Amino acid sequence: MSRIGKLPVVVPAGVTVKIEDGNKVTVKGPKGEIARTFAPQLGIELKDGQVIVTRPNDLKQNRALHGLTRTLINNMVIGVNTGYQKTLEINGVGYRAEKSGKTLTLNLGYSHPVKMDDPAGIETAVEGNKVIVKGISKEAVGQYAAEIRMKRPPEPYKGKGIKYDYEVIRRKVGKTGK
């Protein structure tokens, strides 16, 4: 039995979970609403304020989907209740970020500013040299933060670039003179 899959997902107060035919799960909460369709062979049911995921047999495919489905439902519940957030730091002389409307403008040492429009359901904020990406979908927040980071990944010699706030850049020594 899957250690993660057999754990029930506790639904907090203020969050409603609706399970429709074809394993379509809709989660509504104070921050918004997320809907997702899961594999039809798994059993998803709501009992006493908890979502329980069961599998019909121990086939490899069902074992793989069991824990994944439970975790995705848990992420949906957390997302609509508290939301997700990732923080990126911009390091480098002249590197900066500006926010105007739904457009994030990054000056990263290129000959032109890099403009990025916030995707639906994602919100960015700029505080000094930090860019904060917020949203209710863990997947979407992580993906957009990764796309911002890829505009100028950190380099190992001076540590310039965009990095996650928890990321540690392994530094290399430069050239040695004779």
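The values are calculated or read from the model by the stated rules, or taken from the named source; none is laboratory data. Every value quoted in this text rests on a predicted model; they were computed, and no experiment measured them. Cβ atoms come from the backbone with ideal geometry, glycine included; neighbour counts cover every protein chain shown. Note: areas computed on protein heavy atoms with side chains; ligands, DNA, RNA excluded. Shrake-Rupley method; radii C 1.70, N 1.55, O 1.52, S 1.80 Å.
Some observations on this one:
- Checked against (1) part of a strand (DSSP E or B); (2) among the hydrophobic types (A, V, I, L, M, F, W, C); (3) exposed (fewer than 13 other Cβ atoms within 10 Å of the Cβ), Val93 meets all criteria but (1).
- Of the residues in the range 79-102, at least one is touching an Asp or Glu at 6+ places or on another chain (Cβ under 8 Å) and of a type in the set (A, V, I, L, M, F, W, C).
- Within the range 2-15, being open to solvent by less than 80 Å² (accessible area, probe 1.4 Å) and not hydrophobic (A, V, I, L, M, F, W, C) holds for Ser2, Gly5, Pro8, Pro12, Gly14.
- Test: residue in the range 3-19 that is small (Gly, Ala, Ser), in a loop (DSSP other than H, G, I, E, B) and on the phi < 0 side of the Ramachandran plot: yes
- For the range 106-116, residues that are part of a strand (DSSP E or B) and either open to solvent by 60 Å² or more (accessible area, probe 1.4 Å) or touching a helix residue (DSSP H, G or I) at 6+ places or on another chain (Cβ under 8 Å) (or both) total 3.
- Some residue of the range 30-48 being over 22 Å from Tyr84 (Cβ atoms), touching a Ser or Thr at 6+ places or on another chain (Cβ under 6 Å) and not charged (D, E, K, R): yes
Rundown of residues vs (1) at pLDDT 95 or above; (2) in contact with a Lys or Arg (Cβ under 6 Å, 6 or more places away or on another chain); (3) within 17 Å of Lys6 (Cβ to Cβ), yes/no style:
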| residue | (1), (2), (3) |
| --- | --- |
| Val27 | yes, no, no |
| Thr37 | yes, yes, no |
| Pro40 | no, no, no |
| Leu46 | no, no, yes |
| Gly49 | no, no, no |
| Pro56 | no, no, yes |
| Leu59 | no, no, yes |
| Arg63 | no, no, yes |
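- Listed by first and then second residue, the pairs linking a residue in the range 116-145 that is in contact (Cβ under 8 Å) with a residue 12 or more places away in the chain and among the small types (Gly, Ala, Ser) to a residue that is surrounded by 19 or more Cβ atoms within 10 Å (Cβ to Cβ) and in a helix (DSSP H, G or I), with Cβ atoms under 7 Å apart and 6 or more places separating them unless they lie on different chains, are Gly135/Val141; Ser137/Gly79.
- Answer residue from the range 16-28, given it is closer than 17 Å to Ser137 by Cα and β-branched (Val, Ile, Thr) and is most open to solvent (accessible area, probe 1.4 Å) among those: Thr16
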